[in-house]
Amino acid sequence: MLKIYVCEDNKEQRTHLKKVIENIVLMEDYDMELECVSENPHTILDKVKEADNVGIYFLDIDLNSDMTGLVLAQEIRKYDPRGFIIFVTTHSEMSYMTFMFKLEALDFILKDEQEELDKRVYDCILKANQRFASANNKVQANYSIKVGDKVYTVDYDEILFFETSPNVHKIILHCKTRQMEFLGKIKEIEKELDDRFYRCHRAFLVNKDNIKEVDLQNNVIYMVNGDECLMSYRQARGLKGFFKKTI
């Protein structure tokens with residue numbers, strides 16, 4: 001999932017930009033979420049530090065703060081090197097600064113014409129979505145599921161385990177920050193994934209890269225975020241490297 005951030009000190013422009021982005025995401029049915037809209041660059045940066053998703057950032061340059069949009073973008077790059085940064089400003093003369101700061105901005109949009117601004121925002125979101133999907137597909141590091149009418153693409157790194165749902169013919173996908181239920185069968189999913197995923201139980205398929213340790217005594221797998229996954233005794237041999245140390 002791509003998270004979207006907006007930092008704009010003008011309330012009217014901030015409200016308009018928020019509405020435009022929400023409409024685009026809804027209309028295109030993208031796997032995106034408007035994470036934070038604020039006039040305060042420090043608020044945006046705090047959110048970015050907490051996140052582990054790639055972001056799309058719409059930043060004004062002059063924020064009437066101790067931090068400019070350019071400096072904010074520099075800080076964002078430290079935590080999200082793959083993020084998509086778009087500057088939205090009235091200061092056309094500042095465009096060259098984005099190159100001096102080596103920010104690799106996706107676009108530099110002027111606020112002068114609202115219709116053109118809305119079109120450019122749409123183009124940026126479309127381009128970011130395409131590039132994000134393309135980058136993930138190159139390394140085959142994602143899994144796509146359909147929930148209702150919407151398709152979600154989830155990085156393998158985000159997946160903890162798949163679990164058979166109490167609801168007939170459904171699977172629960174456990175990720176580091178969310179859960180989703182979809183139609184499927186564990187046996188079929190197992191065939192689609194690479195060898196980092198292991199069938200640890202008839203009802204569970206675990207991502208070995210996200211295992212913290214295995215409690216052999218209680219047949220429980222502890223994941224990196226504290227979640228627990230069941231394991232059958234017979235399948236334990238495939239997870240020997242994760243066995244909990246006992247005194």
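Take the alpha carbon gyration tensor of the chain, find the square roots of its eigenvalues, order them as a ≥ b ≥ c, and report rounded if a/c is under 1.5; if not, report prolate when a/b exceeds b/c, else oblate. Here the chain falls in the prolate category. In the elastic network of the chain, a GNM with C-alpha springs shorter than 10 Å, the most mobile of Phe182, Phe162, Phe58 is Phe182.
Placing pseudo-labels 7 Å out from each Cα toward the beta carbon at Lys185 and Phe243 gives an inter-label distance of 3.4 nm. Taking a ≥ b ≥ c as the square roots of the eigenvalues of the Cα gyration tensor, an a/c ratio of 1.5 or more together with a/b no larger than b/c marks region 163-205 as oblate. P(r) for region 142-242, from all Cα pairs and a bin width of 10 Å, is 16, 52, 28, 4, 0 %, short bins first. The long axis of helix 41-50 is offset from the longest Cα principal axis of the chain by roughly 10 degrees. This model, with +1 at the C-beta of Lys and Arg and -1 at the C-beta of Asp and Glu, gives region 142-242 a dipole about its Cα centre of some 360 debye.
To the nearest 10 degrees, how steeply does helix 69-79 sit against the main Cα axis of the chain, on a 0 to 90 scale? Result, in degrees: 10. Rounded if a/c is under 1.5, else prolate if a/b is larger than b/c, else oblate: which is region 2-138, with a ≥ b ≥ c the root eigenvalues of its Cα gyration tensor? Verdict is rounded for region 2-138.
Ordering Leu216, Leu59, Leu70 by the number of other Cβ atoms within 10 Å of each residue's own Cβ, fewest first, gives Leu216, Leu70, Leu59.
Read the figures in this text as sums done on the coordinates, not as results from a lab. Computed from a prediction, not measured in an experiment: that's the story for all the values here. Cβ sites come from the backbone with ideal geometry, for glycine too, and all protein chains shown count toward neighbours.
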